[in-house]
Amino acid sequence: MNPHVTILGAGLSGALMSIFLARNARKVVLYERRPDLRKVDMDAGRSINLALAARGIEALKEAGVFEEVEPLLIPMRGRILHALDGQQSFVPYGQRPHEVIFSVSRPGLNGVLLDHAQRVYGISAKFLHAARAIDFDRDELTMLNEVTGDPQRLRMAPLIAADGAGSIVRRAMTGQLGVRVTEDMLEHGYKELTLPASATGTHRVEKHALHIWPRGGFMLIALPNLDGSFTVTLFLPLRGSDSFATLDGRDAVDDFFRRHFPDAVPLMPNVAREFLENPIGRMGTVYCDHWAARDKAVLLGDAAHAMVPFHGQGMNCCFEDCAELHRMLEATGDWSRAFRAFEHERKPNTDAIAAMALENYVEMRDTVRDPKFLLRRELSFELERRYPDRFIPRYSMVMFHHEIPYSVAYDRGRIQAGILERLTERVATVAEVDMQRADAEVRAALPPLDSPAVTDAERTPRRA
Ligand code: FAD
């Protein structure tokens, strides 16, 4: 097996994959189109922080890099919902102490992965090198040095394409190998804004939560940063009455924020300026029917399956991809078989999380305000306490149970949603729920999960 491998893209997937491969004595060359993010501040306006959860943490542990990531993490225990009248309510993510997710800086995390790859394995990414063309028949990859303008032709195989949602490798696979791809773009976009720290550098709203201002057709969210600020993201339709198309000047922006987010306005003194300066981000789902091109190339991470960000799982899923591809390589010892096995095993899971991420947008911006949603959530925790090996809330399966594949979470989640709906049809509190019927429904429809329960102590990462 050829030990040399090229990785395209030194983002989150490419950087972690390089570590996995180098641990097993592969010779990795990592190319990245952009400058080194550890030296140049580039990410303004593009998801500056992210939610990291159990799946991502597990992969980072497997790669031996989690200890270096830990100091960057801020635990978030649940959602704080901000109503229009300023009332706040806390909705916990889980019901056990370790059931939290973590806010982490994207450039911080990416930088730690690149540092680790360099320090431990001597991999120094070639920045400002962009792939410009791929020829599968000739087994050729054309790179362009963005500084000198010099093109360079390389032998391609094996190539791991971690070049993100707009992957040039995926496009070449479509054009040359007949791979079918659908890119479903959302009619909503996003814009990043800032809620700055107080004068003394502290957080001006609760630090250990993800804040949401759900407004039906749109929403504002905020995740904490280590410096006391929050990164705020507005998700809004691209067209229509309240949309990016109509917010075209300072007055319109000020008026929009005062009408819909009155409690956030005093905390965000630069909101109109930032809104007018920052770009509108687009979001979508990429479905690609094949990820592997014989022994030559494989798509990894967003290049294979970009998804909308509403379950906070895109990066977590990419990290799980890296661990899975690494396992396949070790099991088969053969690039072609590993690439095919990876695609075969992984795709049902990435399809499932992509579907759940789309469903979660409606939940975050709208359903969370519905008393029935809160009742079903409370009942799902009660059923989890009664049947911990059979009933685990879908959100918990996705975010806290890395041992449960996404596709299982999706299938069981559907069954559970039906049970919850039937049990809460005519009641307003959990105390009124017919628990005999609940018992019968859970036992009949949800066989015990065979994954061993993991103890709280094993799961809880040391806090930063
Ligand atoms: P990317 O991060 O896109 O990296 C690809 C890299 O390849 C880039 O560095 C790029 O410059 C490089 N590249 C591209 N083309 C070329 C080329 N031709 N030659 C050389 N290099 C190239 N996920 C979560 O888990 N939790 C969250 O809370 C979360 N929030 C999000 C919020 C938003 C608004 C968005 C948009 C996404 C969010 N995600 C989240 C998803 C997450 O950002 C992605 O899943 C993740 O960044 C994908 O990593 P990647 O390395 O596959 O792709």
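The values are calculated or read from the model by the stated rules, or taken from the named source; none is laboratory data. Quantities reported herein were computed from a predicted structural model and do not represent experimental measurements. Note: ideal-geometry Cβ built from the backbone for every residue, glycine included; neighbour counts use all protein chains shown. What goes into the accessible areas is simple: the full protein's heavy atoms, side chains included, and nothing from ligands, DNA or RNA. Shrake-Rupley method; radii C 1.70, N 1.55, O 1.52, S 1.80 Å.
Among 61/296; 61/191; 27/126; 61/347; 126/296; 191/372, which pairs are too far apart, with a Cα-Cα distance over 26 Å?
Pairs exceeding the cut-off: 61/296; 61/191; 191/372.
Can you tell me, using C-alpha contacts under 8 Å and at least 6 residues apart, the relative contact order of the chain as a whole percent?
Details: 868 pairs, mean separation 86.6, N = 464.
Once divided by the residue count of the chain, the mean separation gives 19 percent.
Considering only 177, 446, 5, whose Cα is most displaced toward the positive end of the charge dipole of the chain, charges sitting on Cβ of Lys, Arg (+1) and Asp, Glu (-1)?
Value computed over the given set: 5.
If you count only protein heavy atoms and use a 1.4 Å probe, how large is the accessible surface of residue 395, to the nearest 10 Å²?
30
Run the accessible area of segment 187-282 with a 1.4 Å probe and give the carbon-and-sulfur part as a rounded percent.
Details: 1990 of 3960 Å².
Here it works out to 50 percent.
How much solvent-accessible surface does residue 378 expose, in Å² to the nearest 10, with a 1.4 Å probe and all protein chains in place?
110
Only four residue types carry charge here, +1 at the Cβ of Lys and Arg and -1 at the Cβ of Asp and Glu. Report the dipole size of segment 187-282 about the Cα centre in Debye, rounded to the nearest 20. Working shown, then result.
Values: 10 positive and 12 negative charges, 24 e Å.
Around 120 debye, computed over segment 187-282.
For the chain, build the charge dipole from Cβ charges (+1 Lys, Arg; -1 Asp, Glu) around the Cα centre, then report which of 100, 213, 290 sits farthest towards its positive end.
Working it through, the farthest residue towards the positive pole turns out to be 290.
Using a 1.4 Å probe on the protein chains only, how many percent of the accessible area of segment 370-457 belongs to carbon and sulfur?
Details: 2390 of 4460 Å².
On segment 370-457, the fraction of accessible area on carbon and sulfur atoms equals 54 percent.
Roughly how many debye, to the nearest 20, is the charge dipole of segment 59-150 about its Cα centre, given +1 on each Lys and Arg Cβ, -1 on each Asp and Glu Cβ, and no other charges? Walk me through the intermediate numbers first.
Values: 9 positive and 13 negative charges, 93 e Å.
Computed about the Cα centre, the dipole is about 440 debye.
Enter the angle in degrees (range 0 to 90, nearest 10) between the Cα long axis of helix 371-386 and the first principal axis of the Cα atoms of the chain, meaning the one along which they spread out most.
80
List the relative contact order of segment 187-282 as a percent without decimals, with contacts defined as Cα pairs under 8 Å and 6+ residues apart.
Numbers: 159 pairs, mean separation 33.3, N = 96.
For segment 187-282, the relative contact order is 35 percent.
Accessible area per residue, 1.4 Å probe, Å², for the chain: what's the number?
Working: 19720 Å² over 464 residues.
Solvent-accessible surface per residue comes out at 42 Å².
Taking 0.36 nm per residue of separation and subtracting the Cα-Cα distance, what length does fully extending residue 137 through residue 95 add?
Numbers: separation 42, 0.36 × 42 = 15.12 nm, distance 5.41 nm.
Between residue 137 and residue 95, full extension yields an extra 9.7 nm.
Distance from a point 7 Å along Cα→Cβ of residue 422 to each backbone N in segment 364-400: keep the residues under 11 Å and list them by number.
none
Mind giving me the nanometre distance, one decimal, between the label points for residue 259 and residue 183, set 7 Å out from Cα along Cα→Cβ?
It is 3.3 nm.
Could you calculate the contour length gain from residue 429 to residue 270, that is, 0.36 nm times the residue separation minus the distance between their Cα atoms, to one decimal place in nm?
Working: separation 159, 0.36 × 159 = 57.24 nm, distance 4.29 nm.
Full extension of this stretch gives 53.0 nm more.
Describe numerically, in nm with one decimal, the distance between label points set 7 Å from Cα along Cα→Cβ at residue 174 and at residue 372.
Reported label-point gap for residue 174 and residue 372 is 3.9 nm.
On C-alpha positions alone, give me the angle between the axis of helix 335-365 and the longest principal axis of the chain, in degrees, nearest 10.
Orientation of helix 335-365: about 30 degrees from the principal axis.
By how many degrees, 0 to 90 and rounded to 10, does the Cα axis of helix 106-121 deviate from the longest principal axis of the chain?
40
At 0.36 nm per residue, and after removing the present C-alpha to C-alpha distance, how many nm does the segment from residue 84 to residue 23 gain when stretched out fully? Working shown, then result.
Working: separation 61, 0.36 × 61 = 21.96 nm, distance 5.14 nm.
Gain on stretching residue 84 to residue 23: 16.8 nm.
Using packing as a proxy for protection, rank 404-416, 428-440 so that the peptide with the highest average count of other Cβ atoms within 10 Å comes first. Intermediate values should be presented prior to the final figure.
Details: 404-416: 18.8, 428-440: 12.8.
Peptide ranking by packing, descending: 404-416, 428-440.
Round to a whole angstrom and tell me the spacing of the C-alpha centers of segment 9-76 and segment 310-370.
About 16 Å separates the Cα centre of segment 9-76 from the one of segment 310-370.
With every protein chain in place, what's the accessible area of residue 57 (1.4 Å probe, Å², nearest 10)?
10
In the chain, what % of DSSP beta bridges are antiparallel (nearest 5)? It would help to have the intermediate numbers written out before the result.
Values: 50 of 65 bridges.
Taking every DSSP beta bridge within the chain, about 75 percent pair in antiparallel fashion.
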